[in-house]
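What follows is a short report on a single structure.
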Amino acid sequence: MSLRNLRNALIVMGAFLALIWILQVVNWADSYRLDQSFGIVPRNAGRLGDIFSAPFLHANWEHIEGNSVPLLVLGVAAAYRGIARFLAATAIIAILSGLTVWLFQSGNSPTIGASGIIFGYFGYVLVRGIVDRNLLDLTVGIAAGALYYSILAVAIPGTPGISWLGHLGGLIGGILAAWLLRTPRPAVATLSSGARPGARNFGGWTLGIGSGSGAASGNGDAPRAGSARPRSASTTKPTPGGSSPADDLLRQLDDMGF
């Protein structure tokens with residue numbers, strides 16, 4: 001983790017938290033009318049766009065206080081690998097969480113809060129650690145799940161006054177974002193690209209076996225055993241004292257057609 005990436009992540013999440021707290025003050029001063037105007041109303045076509053505004057609003061001070069710390073911790077963990085990918089992941093999470101509420105929530109009461117985003121960041125960091133094989137992400141995801149178990153547990157259906165569908169949609173969005181935005185794996189090197197003969201690939205790591213003294217042919221195909229091999233007419237055998245046992249063994253194998 002670079003300090004520059006960590007700093008950028010802290011700046012972005014600090015700005016996010018500052019914005020939702022400013023909106024909370026305005027919302028509180030206006031008797032929480034913003035919740036009614038910009039919350040997600042299920043299956044109301046005219047309010048579909050509110051899936052993007054609802055995460056910035058909260059029902060009361062206890063609501064925003066409970067969301068702020070896990071939002072900061074998981075948000076920084078999600079953002080430190082790159083702000084562009086973080087913003088793309090946030091968009092995917094907000095859309096999946098909001099659409100799940102809009103499509104499946106019962107009743108017509110507005111749904112608001114950043115809990116769906118929190119669940120999304122949790123799923124994103126945890127699954128990103130798995131698909132990218134990043135031990136830090138995996139550790140942070142597991143630790144966050146243990147620390148904020150009481151918050152994550154409200155995803156269980158039946159919790160009064162809690163939109164478990166929004167949490168579930170956010171979690172699915174985070175998992176999907178981790179898969180779609182995963183780090184590309186480096187292509188396995190071939191002989192034509194300069195890899196040594198005998199190279200093996202194990203889980204993304206290439207391990208070379210052999211001395212690499214035999215050159216591949218121009219089209220990338222190694223000579224087959226038993227086939228005639230072109231040899232330079234000027235090639236001479238090494239002097240008895242100028243070769244090592246390994247060189248002698250390789251030369252003998254080469255003469256035998258291996």
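The values are calculated or read from the model by the stated rules, or taken from the named source; none is laboratory data. This is a predicted model, so every value here is computed, not measured. Note: ideal-geometry Cβ built from the backbone for every residue, glycine included; neighbour counts use all protein chains shown.
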Answer yes or no: is there a residue in segment 21-37 that is touching a residue at least 24 places away in the same chain (Cβ under 8 Å), out of contact with any Leu (no Cβ under 6 Å at 6 or more places or on another chain) and of a type in the set (Val, Ile, Thr). no
Evaluate segment 79-92: report whether one residue or more is at pLDDT 90 or above and either over 27 Å from ARG185 (Cβ atoms) or more than 13 Å from the chain's Cα centre (by Cα) (or both). yes
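So that you can scan it fast, the table gives a plain yes or no per residue for (1) under 23 Å from TYR124 (Cα atoms); (2) in contact with a Gly (Cβ under 7 Å, 6 or more places away or on another chain); (3) aliphatic (A, V, I, L, M); (4) part of a helix (DSSP H, G or I):
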residue: ALA15; (1), (2), (3), (4): yes, no, yes, yes
residue: LEU23; (1), (2), (3), (4): no, no, yes, yes
residue: ASP35; (1), (2), (3), (4): no, no, no, yes
residue: PRO55; (1), (2), (3), (4): yes, yes, no, yes
residue: SER68; (1), (2), (3), (4): yes, no, no, yes
residue: LEU72; (1), (2), (3), (4): yes, no, yes, yes
residue: GLY75; (1), (2), (3), (4): yes, no, no, yes
residue: ARG81; (1), (2), (3), (4): yes, no, no, no
Quick one: which residue in GLY75, GLY145 is farther than 19 Å from TYR32 by Cβ, free of Cβ contacts under 8 Å to residues at least 24 places away in the same chain and either in contact with a helix residue (DSSP H, G or I) (Cβ under 7 Å, 6 or more places away or on another chain) or of a type in the set (D, E, K, R) (or both)? GLY145
Where residues in segment 137-186 are at pLDDT below 75 and of a type in the set (A, V, I, L, M), which of them is farthest from ALA84 (Cα to Cα)? ILE156
Selection from segment 1-25 of residues of a type in the set (Val, Ile, Thr) and surrounded by fewer than 17 Cβ atoms within 10 Å (Cβ to Cβ) yields ILE11, ILE22, VAL25
If we scan segment 95-102, do we find a residue that is in a helix (DSSP H, G or I), more than 24 Å from the chain's Cα centre (by Cα), at pLDDT 95 or above and under 30 Å from ARG182 (Cβ atoms)? yes
Would you confirm, using the coordinates I've provided, whether ALA54 is under 29 Å from TRP179 (Cβ atoms), touching a helix residue (DSSP H, G or I) at 6+ places or on another chain (Cβ under 8 Å) and buried (at least 22 other Cβ atoms within 10 Å of the Cβ)? yes
